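The values are calculated or read from the model by the stated rules, or taken from the named source; none is laboratory data. Just so it is clear, the structure is predicted and the values come from calculations on it, not from any experiment. Every residue, glycine as well, gets a Cβ built from its backbone with ideal geometry; the counts of neighbours run over all protein chains shown.
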Amino acid sequence: MSDSEAAVVVVDYGLGNLRSVTRGLERAGAAVTVSEEPAAIHDADGVVLPGVGAFREGMENAGPYRDALAEYAADGRPLFGICLGMQMLLSSSEEADREGQGEADGLDLIPGRNVRFTEAAPVPQMGWNELSVTRDHPLVDGVGGEYAYFVHSYYAVPEAADATVTETAYDGERFASVVANERGNVFGTQFHPEKSGETGLQILENFVGICTAE
């Protein structure tokens, strides 16, 4: 591994689209380790929390990683959530409650709540949609007006307005499609960059750059 190559750990908690995420990161120049071990997080240049599925199940599966992820984020190191993984970065989600499962707590690394599209909007949103950059962040350098691939029924509503990095419009609603904490080291995309062509590759390359930046 070269000195400039980012050592990225993809957390395998049982709900991630691991193969395509790993391939996308490798194409972007990362040296990727997929790991089920929370201890692996500490030595990474960057950590990716992927995810496909339900919020409560995701948080239950990710329980053993909660402390390691919180410590990693508190150290100012880059943590990247994708799709469900992005939603898990927030404080809570109404998904579990709507399904009659009660409240489910998120990682609370970006204060906010995930909510469902209104009943008028067809769900899930599935397909390509536009990204509108609203805040400078190195994850979206070179991105603006491009399209990315979405599959979701819930979206993030951060408490802080400046936690929204990009917005996307869907069926009359605007929602945060990229979010980040105030410090900028914890961030996530509601869309799948690994399925978003050249736009997604740009975002993954930006992430690798963040991981190797001094």
Please work out if A161 is surrounded by fewer than 20 Cβ atoms within 10 Å (Cβ to Cβ), of a type outside the set (F, W, Y), touching a residue at least 12 places away in the same chain (Cβ under 8 Å) and over 29 Å from A68 (Cβ atoms). no
Checked pairs for segment 53-64, first at negative phi, second of a type in the set (S, T, Y), C-beta under 7 Å and 6 or more apart or across chains, list as F55/S93; N61/Y13; A62/Y13
Tally of residues being closer than 18 Å to P78 by Cβ and surrounded by fewer than 22 Cβ atoms within 10 Å (Cβ to Cβ) across segment 10-24: 1
When you look at T199, is it surrounded by fewer than 23 Cβ atoms within 10 Å (Cβ to Cβ) and under 14 Å from C83 (Cβ atoms), yes or no? no
Name the pairs: first residue in segment 202-214 and among the charged types (D, E, K, R), second residue crowded, with 22+ Cβ neighbours inside 10 Å, Cβ to Cβ under 9 Å, at least 6 apart or on different chains? E205/A28
Between L25, L69, which is more than 30 Å from R98 (Cβ to Cβ) and modelled with pLDDT of 95 or more? L25
Would you confirm whether or not segment 72-80 contains a residue that is surrounded by 15 or more Cβ atoms within 10 Å (Cβ to Cβ), assigned to a helix (DSSP H, G or I) and small (G, A, S)? yes
Flagged in segment 8-40 as more than 18 Å from the chain's Cα centre (by Cα) and aliphatic (A, V, I, L, M), in numbering order, are A31, A39, A40
Strands (runs of 3 or more DSSP E) contained in segment 97-214 and holding at least 1 residues of a type in the set (A, V, I, L, M, F, W, C) and more than 22 Å from R19 (Cβ to Cβ): 110-116, 154-158, 164-170, 173-180, 186-189
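Name the one entry in V133, V140 that is closer than 25 Å to D75 by Cα and either among the basic types (K, R) or in contact with a helix residue (DSSP H, G or I) (Cβ under 8 Å, 6 or more places away or on another chain) (or both). Please lay out each step first, then the result.
Working: V133 fails: closer than 25 Å to D75 by Cα.
Of V133, V140, the one residue that is closer than 25 Å to D75 by Cα and either among the basic types (K, R) or in contact with a helix residue (DSSP H, G or I) (Cβ under 8 Å, 6 or more places away or on another chain) (or both) is V140.
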Take the residues in segment 93-142 that are without any contact (Cβ under 8 Å) to a residue 12 or more places away in the chain and among the charged types (D, E, K, R); name whichever of them is surrounded by the most Cβ atoms within 10 Å (Cβ to Cβ). D97
